[in-house]
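Every number in this text was worked out from the coordinates using simple rules, so none of it is lab data. Nothing here was measured: the structure is a model prediction, and the numbers come from that model. When we count neighbours, we look across all protein chains shown, and the Cβ atoms used for this are built from the backbone with ideal geometry, even at glycine.
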There are 2 protein chains.
Amino acid sequence: MNQSIKEYIISINSAIEQENFGDKPQELYEPIRYIMSLGGKRMRPLLSLLSYQLYKENTKDIVPASVAVEIFHNFTLMHDDIMDNAPLRRGQQTVHEKWNSPVAILSGDVMLVKAYQQFIAHCPIEKLTEILQKFNQCAIEVCEGQQIDMNFEEMEQVHEDDYIEMIRLKTAVLLGFSLELGGILAMDNEADHALLYQMGVNAGIGFQLMDDLLDVYADQEKFGKQVGGDIIANKKTYLLIKAKELASGENSIKLNHWLNAKDFDKEEKVNAVKDIYDDLNIKKLTEAKMNQYFEKAFQNLDDLDAPAEKKLIIKDFFNYLINREQ
Amino acid sequence: MNQSIKEYIISINSAIEQENFGDKPQELYEPIRYIMSLGGKRMRPLLSLLSYQLYKENTKDIVPASVAVEIFHNFTLMHDDIMDNAPLRRGQQTVHEKWNSPVAILSGDVMLVKAYQQFIAHCPIEKLTEILQKFNQCAIEVCEGQQIDMNFEEMEQVHEDDYIEMIRLKTAVLLGFSLELGGILAMDNEADHALLYQMGVNAGIGFQLMDDLLDVYADQEKFGKQVGGDIIANKKTYLLIKAKELASGENSIKLNHWLNAKDFDKEEKVNAVKDIYDDLNIKKLTEAKMNQYFEKAFQNLDDLDAPAEKKLIIKDFFNYLINREQ
């Protein structure tokens, strides 16, 4: 990874560590410090710094504003984990498990307010309204995406386009906002603001498709979670949606058998569904879709009115993420 | 009730009815329209209009901004009802009962964002930062109050001062903010902004003490809930806290008996605890405390730099609320 990117991450982490959030009652603030300290890639504030450096040198200036996006992201994780009944987050107990659901609801609520507080304290007044309007839009779309994702669990059939729209809302628009935030804070070129947003949305959809692929095809040694977890849980990923669409005859019968199986050997199910995916060329199809979105993101990057050597830092970073786990 | 107050409430309700909030996914937006349509006194936006009319005529101008406070208030109700496992709200099913908890968490989250959206869309730009800073502070304090209230449930002994501080945070500061909001939107006299806030906080503490009293002493015919509900549930109200503090000898033994009783006749418990309250003069003590706060609120009102006949509208409204259910 590029040296300046490492430094960006250090300054983001240092700003997060210095944030106290609040003291009393401690049941409200301990969970906030806890989830914020679990780490993660700090991808969203990093994206804000990366778009800012395209136009300006002093990236440190926008670290506090960029942290607002990380607070918001962790708020969504805290609430999503309650809704999804998730026991673990980044290998540690989730907040509703370690404390309880009321604490996780309320600490999350405070985090959402804290995100606004952070923007208001650290964005220049003349840009604040625009930033908050775009943030509101983004925050609402993230909630819509989460609700649509929950709705999908109850649906028999999900269409490919609806899935792409769901991941656009649930995960990609926040990457778009993060990149646009750095752009808005750096300069006033609205065409570039829009391109930065589009780049984030396109890359975000690509990264989610990559996550769907990795869950099936990752090297278990390098992968943080159980490979095949999505298959075991019948999670409606892009791969399963395409397989259901394309399967016919024997493949369709086998796929339905495994989707309806109650008692099964996990490894046997994962291998059987992978065989169906192989037969239907699902990996290639998903890679092609993913690469379409990455190509669009790189095209957005090319189109920006910024120095080529600065763009290269973002291009290299995206390529690093794309190649890291494959 | 004063004719202009009735008109204020009509214009607030009409603004709320015209608000669509959003369409898809409907699981996210139906619960918002549902809870906003359950009614209630619309006390908070009404307070904003009442403070605004002290200084300006065109109260209609601030109806949209005042609705933000009502959206925020209903967000707190939606989330509190999950945390408190409440089956009913204003005689109707709560959102987590009618739908489910994930829906109530996520719809509530969207409402909090919508409250910000409403402020940003309808507050003059030069006042927006101040309003949002004060709203953030208030929103965080409301969450702190709810957490402290939940903590009290687990505690053996709660001190009177801690109880007053809890209700200040949980309910009174939002009345303070609502009044201050109308003041900020009307004029720039910071001394009056502070007085309006204090008036709301003092009145809010008074109203909560009144609620504590009514839960025990209201006329069942007029009271919306079961009289004695707090006693049955061992709710740590001001009355119970004072009774535990003052009870000795036989009263202390009896009070502890009823607080620890598992199987009991509800009416018998309510009457027995009321007898102890009577013996300890709890009603008078609570009324005295409540009246202290109402007197402070009326003093704040007196001190405002506004026309006496406009102040009288607020004074009459507070007196109407104070005398209505007693």
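Calculate the spin-label point distance for residue A:279 paired with residue B:268, positioning each point 7 Å from the Cα along the beta-carbon direction, and give it in nanometres.
So the label points at residue B:268 and residue A:279 sit 7.1 nm apart.
Compute, for segment A:72-160, the length of the dipole vector about the Cα centre, with Cβ point charges of +1 (Lys, Arg) and -1 (Asp, Glu) only. Units Debye, rounded to 20.
Dipole magnitude for segment A:72-160 comes out near 660 debye.
Counting Lys and Arg as +1 and Asp and Glu as -1, each charge on the Cβ, what is the dipole of the protein assembly as shown about the Cα centre in debye, to the nearest 20?
Approximately 100 debye in magnitude.
Hey, if you put +1 on the Cβ of every Lys and Arg and -1 on every Asp and Glu Cβ in segment B:112-227, which of B:157, B:226, B:194 ends up farthest toward the positive end of that dipole?
The residue sitting farthest along the positive end of the dipole is B:194.
Once label points are set 7 Å from the Cα along Cα→Cβ at both residue A:7 and residue A:223, what is their separation, rounded to one decimal in nm?
Inter-label distance under the simple model: 3.7 nm.
Would you mind ranking A:170, B:244 by Cβ crowding within 10 Å, fewest neighbours first?
B:244, A:170
Tell me, what does the Kirkwood hydrodynamic radius of segment A:205-268 come to in angstroms if you use every pair of distinct C-alpha atoms?
About 12.7 Å, per the Kirkwood formula over Cα pairs.
Beyond 20 Å, what percent of the Cα pairs of segment B:120-237 remain?
Considering segment B:120-237, 52 percent of its Cα-Cα pairs are separated by more than 20 Å.
What's the magnitude of the charge dipole for chain B around its Cα centre, counting Lys and Arg as +1 and Asp and Glu as -1 at the beta-carbon? Answer in Debye, nearest 20.
That gives a dipole near 620 debye.
Hey, for residue B:194 with labels 7 Å out along Cα-Cβ, what do the inter-copy distances come to in nm, ordered shortest first?
Taking the point 7 Å beyond Cα along Cα→Cβ, the inter-copy spacings are 4.9 nm.
For the Cα atoms of chain B, what angle does the longest principal axis make with the long axis of helix B:266-279, in degrees from 0 to 90, nearest 10?
Around 90 degrees separate the two axes.
Pick out which of B:242, B:114, B:41 has the largest mean-square fluctuation in a Gaussian network model of chain B, springs linking Cα atoms closer than 10 Å.
Sorting by GNM fluctuation, first place goes to B:41.
On alpha-carbon atoms, Rg over Rh for the protein assembly as shown using Kirkwood Rh?
Taking Rh as the inverse mean 1/r over Cα pairs, Rg/Rh reads 1.02.
Please compute the contact order of chain B in relative form: average sequence separation of alpha-carbon pairs under 8 Å and at least six residues apart, divided by the residue count, as a percent.
The value is 18 percent.
What average count of beta carbons from other chains do you get within 10 Å of the Cβ of residues in A:93-101?
1
Along segment B:23-40, what does the Karplus equation 6.51 cos²θ - 1.76 cosθ + 1.60 (θ = phi - 60°) give for ³J(HN,Hα), rounded to whole Hz, x for Gly and Pro?
10, 10, x, 5, 4, 8, 9, 4, x, 5, 4, 4, 5, 5, 8, 6, x, x
Around residue A:177, under 10 Å between beta carbons, what's the net of Lys plus Arg minus Asp minus Glu among the other residues?
0
Across chain B, where is the longest run that never hits GluC sites (Glu not before Pro) in a DSSP loop with at most 10 other C-beta atoms within 10 Å?
No qualifying site falls inside B:222-326, the longest such stretch.
Would you list the P(r) distribution for chain B, with all Cα-Cα distances sorted into 20 Å bins from 0 and each bin expressed as a whole %?
Bins of 20 Å from zero give 30, 57, 13, 0 percent of pairs.
Top mean-square fluctuation among A:147, A:26, A:226, Gaussian network model of chain A, C-alpha springs under 10 Å?
In this elastic network of chain A, the residue with the biggest mean-square fluctuation among A:147, A:26, A:226 is A:26.
At 222 nm, what helix-only mean residue ellipticity would chain A give, in deg cm²/dmol to the nearest 500, using -39500 (n - 2.57) for each DSSP H run of four or more?
-24500 deg cm²/dmol
In sequence order, what are the phi-derived ³J(HN,Hα) couplings for segment B:287-292 according to the Karplus relation 6.51 cos²θ - 1.76 cosθ + 1.60 with θ = phi - 60°, rounded to whole Hz, with x for glycine and proline?
Couplings: 4, 5, 5, 4, 5, 3 Hz.
Could you pull out every one of the lysines with an alpha carbon less than 28 Å from that of residue A:60, ignoring same-chain neighbours closer than 8 positions?
Answer for residue A:60, where 28 Å is the Cα cut-off: A:6, A:41, A:114, A:127, A:134, A:310, A:311, A:315, B:134, listed by chain and number.
If I model a spin label as a point 7 Å beyond the Cα along the Cα-Cβ vector, how far apart are those points for residue B:324 and residue A:287 in nm?
So the two model labels end up 6.9 nm from each other.
With chain B treated as a Gaussian network of Cα nodes joined by springs under 10 Å, which of B:249, B:176, B:91 yields the largest mean-square fluctuation?
Between B:249, B:176, B:91, it is B:249 that shows the largest mean-square fluctuation.
Using a Förster distance of 30 Å, how high is the FRET efficiency between residue B:313 and residue B:234, based on the Cβ-Cβ distance and rounded to 0.05?
Calculated value: 0.15.
Taking +1 at the Cβ of each Lys and Arg and -1 at the Cβ of each Asp and Glu, which of A:26, A:317, A:14 sits farthest along the dipole of chain A towards its positive end, judged by Cα position relative to the Cα centre?
A:14
Each residue of segment A:129-146 in turn: what ³J(HN,Hα) in whole Hz from Karplus with 6.51, -1.76, 1.60 and θ = phi - 60°, glycine and Pro shown as x?
4, 4, 4, 5, 4, 5, 5, 4, 4, 5, 4, 5, 5, 4, 5, 4, x, 5
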